[in-house]
Every structure is written in C-alpha cells, then in structure tokens.
1. Can ASP161 be described as of a type in the set (Asp, Glu), within 30 Å of VAL99 (Cα to Cα), under 25 Å from the mean Cα position of the chain (by Cα) and open to solvent by 50 Å² or more (accessible area, probe 1.4 Å)?
2. Looking for whichever is open to solvent by less than 40 Å² (accessible area, probe 1.4 Å) and either touching a helix residue (DSSP H, G or I) at 6+ places or on another chain (Cβ under 6 Å) or more than 30 Å from PRO145 (Cβ to Cβ) (or both) here; the options are GLY231, GLY225. Which one fits?
3. All but one of (1) of a type in the set (Gly, Ala, Ser); (2) in a strand (DSSP E or B); (3) more than 23 Å from the chain's Cα centre (by Cα) hold for GLY310; state the number of the condition that does not hold.
4. Would you pick out the residues in segment 455-465 that are more than 10 Å from TYR390 (Cβ to Cβ) and surrounded by 15 or more Cβ atoms within 10 Å (Cβ to Cβ)?
5. On the basis of being surrounded by fewer than 16 Cβ atoms within 10 Å (Cβ to Cβ), basic (Lys, Arg) and part of a strand (DSSP E or B), does LYS155 make the cut?
6. So if I check each of ALA334, ALA300, ALA271, which one is at pLDDT 95 or above, farther than 26 Å from LYS177 by Cβ and part of a loop (DSSP other than H, G, I, E, B)?
7. Can you tell me how many residues within segment 481-529 are β-branched (Val, Ile, Thr) and open to solvent by less than 10 Å² (accessible area, probe 1.4 Å)?
8. Out of curiosity, is VAL272 over 18 Å from the mean Cα position of the chain (by Cα) and surrounded by 24 or more Cβ atoms within 10 Å (Cβ to Cβ)?
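The values are calculated or read from the model by the stated rules, or taken from the named source; none is laboratory data. From a predicted model like this one, the values you see are computed outputs, not experimental measurements. Counting neighbours? That spans all protein chains shown, and the Cβs are built from the backbone with ideal geometry, glycine included. Accessible surface areas use protein heavy atoms only, side chains included; no ligands, DNA or RNA. Shrake-Rupley method; radii C 1.70, N 1.55, O 1.52, S 1.80 Å.
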Amino acid sequence: MTPHMNTRRAAALTAVAAMVVVGVQTGTASAGSNTRSDDASSARATAGATTLGVNTASRRGIALRTAQADASAAAESLGLGSQEKLIARDVIKDADGTVHTRYERTYAGLPVLGGDLVTHTAADGRSKGVDKATDARISVPSTQPEMKSAASARKVVWAGDGKPALAFETVKTGVQKDGTPSRVHTITDATTGKKLHSFEAVETGTGNSQYSGEVTLSTTKGGSGFELTDGDRGGHKTYDLNQGQTGTGDLVTDADDTWGDGTGDDRQTAAVDAHYGAAKTWDFYKSELGRDGIAGDGKAAYSRVHFGTGYVNAFWDDSCFCMTYGDGADDKSALTAIDVAGHEMSHGLTAATANLDYAGESGGLNEATSDILGSSVEFFADNSTDAGDYLIGEKIDINGDGTPLRYMDKPSKDGGSADYWDAGVGDLDVHYSSGVANHFFYLLAEGSGAKTIDGVDYDSPTADGSTVTGIGRQKAYQIWYKALSVYMTSSTDYAGAREATEKAATDLFGADSAELTAVQAAWAGVNVK
C-alpha cells in the first residue's frame with residue numbers, strides 16, 4: 001500500500017486488512033517469550049477481561065436489544081441534540097458489573113462518520129463516563145446538499161475533522177498494485193465539493209501443515225468423506241479459490257480425513273495451515289479474552305486459500321467476514337502461518353470493537369493491534385514447529401532472506417517502522433506507524449534491554465534511556481484488549497491509546513498497581529507522554 005496522507009480519522013467505515021506494505025523491508029531476526037503471570041494475578045486479569053453475562057451469542061443479543069431500547073435515554077443523558085440518535089453496536093460487561101456500551105450515531109437519519117462513542121455504566125446504574133470519537137457538537141445547517149452527487153454516493157455527516165459537515169461517501173472498487181482487492185472510500189463536502197477524507201478499506205494480513213508440522217484439525221464428515229468445516233468453533237469453513245479472486249471457490253474436502261503433505265506442492269497444505277490458524281485464534285479469543293468469536297456473537301468467519309497467481313499477501317475483508325491468503329511469489333509458499341492468521345482475524349476484531357480508522361495514528365494502532373494479537377495467538381498455540389516470538393511473518397519469508405516483516409522489540413530494524421512517537425508518525429504508512437504500539441507492547445510484556453527469550457536474542461531500547469520492567473505477556477494483551485474493546489474509538493491516536501490502556505490497567509489491576517505503573521513507563525519508553 002502507499003502511505004496515507006495526514007488526514008484525520010474516519011469512523012464506522014468498513015474494515016479490511018492486508019498483512020504487508022508493498023516494498024522490500026530489511027532487518028535481522030529475533031524471537032519470543034514464555035513469560036507467564038503469577039496464578040492469582042492471571043486469574044484476576046482474566047476475570048476482569050471476560051465479557052461476563054454477555055459472553056454467549058444469545059446473551060449478547062439480549063444485551064444489544066436492551067441497549068437499543070435504552071438508546072434514547074442514553075442520548076438524552078449525554079445531552080445529544082434532538083436530531084441525534086444512537087445505534088447500539090456492542091456491549092461488554094465486566095466482572096464488577098460495569099457495562100460498556102458502544103454506539104454509532106446518526107443525525108437526522110444520516111450516518112455520522114466519526115460520531116461513535118462508548119458509555120460506561122456502573123452496576124448500580126451510575127455513569128462512569130463516556131469516550132467519544134469527537135467532542136464536537138453534531139449539527140449541520142441543512143441536510144440538503146448543494147453539490148450534485150454520484151449515483152452511488154451515500155449522504156452522511158462527516159465528523160472526523162473539526163466542525164461536522166454534510167458530505168457524500170463514495171466507494172470505488174478495483175485492484176491494488178500487488179493484486180490485493182481495493183475499496184477506496186472518499187468523503188466529499190456536499191456544500192463545497194472539497195475532498196475531506198479518503199482511505200483504502202482493504203487494509204494491507206490430523207493435517208500436515210507447511211509451517212506448523214502435523215496438527216489436529218476439527219473437520220466434519222460429509223456424504224462421501226470429510227470437509228474443512230469446524231463444528232467446534234462456529235462452523236468455520238476453509239475454501240480453495242483455485243487461483244480465482246472472487247466468490248468462495250470450493251469447500252476443501254478429503255476422502256480419509258488426512259490433509260496435505262506439508263509442502264506447497266499439495267493444494268491441501270495451505271488449507272491445513274489456514275484452518276489450523278483460524279482454530280487457534282478462536283481458542284485464544286475464547287480462553288484468554290473471554291470473547292466468543294471475532295464479533296463476539298459465536299459466529300465463525302471463513303478462510304479462502306489460493307487467491308490469484310503469485311500473490312504475496314493475505315487480507316481480512318469485513319464485507320465478507322473472511323480471511324484470504326495468497327500463495328506467494330512461487331505459488332508454493334502460502335501466507336498462512338499462525339501469526340498471519342491471527343493478524344488477519346484480529347483486523348476483524350478491531351472492526352467489531354473500536355473500528356480504528358485505517359489512516360494516520362489510528363491506522364497504526366489498527367495494524368499494531370493485529371500484530372500484537374497475532375503474536376499472542378502464536379505464543380498461545382504453543383506449537384514447537386512455529387514457536388511464539390515477537391516477530392511478524394518470520395515463517396513466510398516474504399523478503400526472501402529469512403528475515404521477518406516486522407520486529408516488536410525494535411521496530412526500526414525493518415528499515416521503515418518507527419520505534420518512538422513523534423509529531424510526524426501519523427504520516428507514515430500504517431504498517432510503519434504501528435511500530436510505536438508494537439514497541440510499547442513488547443516493553444510492557446518483556447521490558448527493556450538485552451535478553452534471550454526461548455533461545456532468541458532481543459535488545460529493546462527506550463526513547464529516554466529509562467529501564468522498563470515487563471509484566472508478562474498475558475497481562476499485557478489483556479490490558480490491550482480491554483482498552484481496544486471498551487475505551488478506544490475510531491479516532492483514537494497514540495495519546496488516546498495511552499489513556500485507554502491506563503484505564504484498562506486500572507480496571508483490571510487497580511489504581512495503585514504495578515501493572516498501571518508499567519503501562520505508564522512503557523508509553524514513556526516510546527515517547528508517548
């Protein structure tokens with residue numbers, strides 16, 4: 001992808017995500033950790049992170065319906081205008097009874113892009129505050145445009161940058177330079193015709209697997225054999241696109257329930273890795289985050305392998321709620337490693353929660369979330385053939401020299417990512433601006449300085465030369481997930497991410513906790529103060 005311009009944030013827009021930025025990246029290899037939290041603290045963190053009372057599809061549905069029934073009262077309590085309405089999109093309930101309700105907003109019946117907010121209500125009904133994508137009052141002089149729109153345009157209110165304006169949103173589909181599907185959203189002022197914002201919505205993500213060795217797969221017996229349908233995890237299916245670029249292709253089937261041969265010469269091998277990665281990501285969300293599927297509704301996504309010819313990428317597309325994997329430059333090196341699968345599905349998680357706009361600093365946070373959770377899935381999988389590490393895409397060898405795509409301990413080792421925040425970081429491509437958050441997460445989990453973890457050497461610096469002591473990976477990803485799911489909004493930038501993670505650490509571990517102190521120290525270590 002080409003870098004986004006320094007436009008401000010959009011909200012409530014379709015999310016899709018690709019794994020890599022186009023271009024060669026360089027660096028040297030490093031690897032991961034088995035750091036564990038103590039049992040008591042882990043139990044406390046897990047309990048706080050779990051969506052208690054709303055962690056099944058039926059309960060979540062009831063909670064959403066209740067939230068929508070109360071939306072008018074919520075709008076009134078927030079002092080919203082008479083033409084504003086709230087649409088409930090997600091509900092999360094903490095162990096202490098606090099309820100976090102995420103809303104989209106409309107004005108005079110029009111979607112408000114950049115108007116999303118999250119309310120926080122104590123168990124006794126008291127308001128504990130609200131996080132908004134914008135503090136601007138939503139109002140426009142007229143909902144009748146002065147400019148003529150394209151036939152396919154959607155009339156909206158744009159609130160992503162300063163004063164809200166009546167606008168048109170258009171979507172142009174096509175293909176990016178590397179073959180990834182393209183869906184460019186453009187927001188245009190309906191009064192002046194000026195372009196207000198533009199972004200690419202396709203965000204660039206027993207079987208014998210290519211990257212994870214011999215693995216156990218959950219399959220379903222069909223009429224004449226078996227199919228890659230995971231009945232244990234929402235019915236996740238894996239399809240073979242047969243080098244096509246649209247539709248689902250063919251559901252992958254097998255006569256004897258033994259899949260692939262571990263090489264790229266066997267078409268089933270890529271499907272094995274994709275199916276296995278999807279299962280491990282689902283299990284990680286369930287057991288570690290208390291989340292039932294990507295959207296929290298118990299429904300599975302699906303995977304598509306063998307996309308196009310010579311396609312060196314993978315992507316999540318929220319419009320189909322699916323992951324798609326290319327076969328690499330040689331059509332025998334599918335981009336289906338565990339951390340890639342976790343990365344792509346975590347773009348779906350971001351779309352279902354904070355819906356971080358894929359531009360500027362929020363876009364970097366979007367990409368970093370997928371790197372953070374993708375790496376966490378890899379550790380969680382505990383696969384000896386593809387051990388967990390703080391490298392991104394180290395198995396798929398896109399660079400052709402054995403180096404990974406990105407490094408979390410010192411992101412600049414890839415030749416383009418930012419180690420620390422500065423005022424220009426939002427101008428970088430989101431795969432590079434993500435370095436600040438990736439570095440924060442590594443410092444929070446493992447700490448600064450030189451160390452060897454699982455036989456791999458790391459050496460993580462800090463912006464101010466300070467020493468940061470890590471709190472363990474499990475606590476770190478629970479803090480990040482809570483911040484993402486209940487405090488971040490579509491417009492969250494790095495300063496907002498610091499505030500969100502501080503709130504999350506306070507919720508999970510207490511206002512006087514070592515974990516909160518570590519969060520503050522890790523952000524200072526990447527110059528977010």
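1. Details: of a type in the set (Asp, Glu): yes; within 30 Å of VAL99 (Cα to Cα): yes; under 25 Å from the mean Cα position of the chain (by Cα): yes; open to solvent by 50 Å² or more (accessible area, probe 1.4 Å): yes.
Yes; evaluated as a whole, the condition is true for this residue.
2. Working: GLY231 fails: open to solvent by less than 40 Å² (accessible area, probe 1.4 Å).
Only one candidate qualifies: GLY225.
3. Of everything listed in (1) of a type in the set (Gly, Ala, Ser); (2) in a strand (DSSP E or B); (3) more than 23 Å from the chain's Cα centre (by Cα), GLY310 misses just condition (2).
4. Going through segment 455-465, the residues more than 10 Å from TYR390 (Cβ to Cβ) turn out to be 455, 457, 459, 461-465.
If the condition is that a residue be more than 10 Å from TYR390 (Cβ to Cβ) and surrounded by 15 or more Cβ atoms within 10 Å (Cβ to Cβ), then PRO461, THR462, ALA463 are the ones that fit.
5. Numbers: surrounded by fewer than 16 Cβ atoms within 10 Å (Cβ to Cβ): no; basic (Lys, Arg): yes; part of a strand (DSSP E or B): yes.
Answer is no for this residue.
6. Numbers: ALA334 fails: farther than 26 Å from LYS177 by Cβ; ALA271 fails: part of a loop (DSSP other than H, G, I, E, B).
After ruling out the rest, the residue left standing is ALA300.
7. Step one: list which residues in segment 481-529 are β-branched (Val, Ile, Thr), which gives 486, 489, 492, 501, 506, 517, 519, 526, 528.
Retained after the next criterion (residues that are open to solvent by less than 10 Å² (accessible area, probe 1.4 Å)): 486, 489, 501, 519, 526, 528.
Residues that pass the stated criteria total 6.
8. Details: over 18 Å from the mean Cα position of the chain (by Cα): yes; surrounded by 24 or more Cβ atoms within 10 Å (Cβ to Cβ): yes.
Yes.
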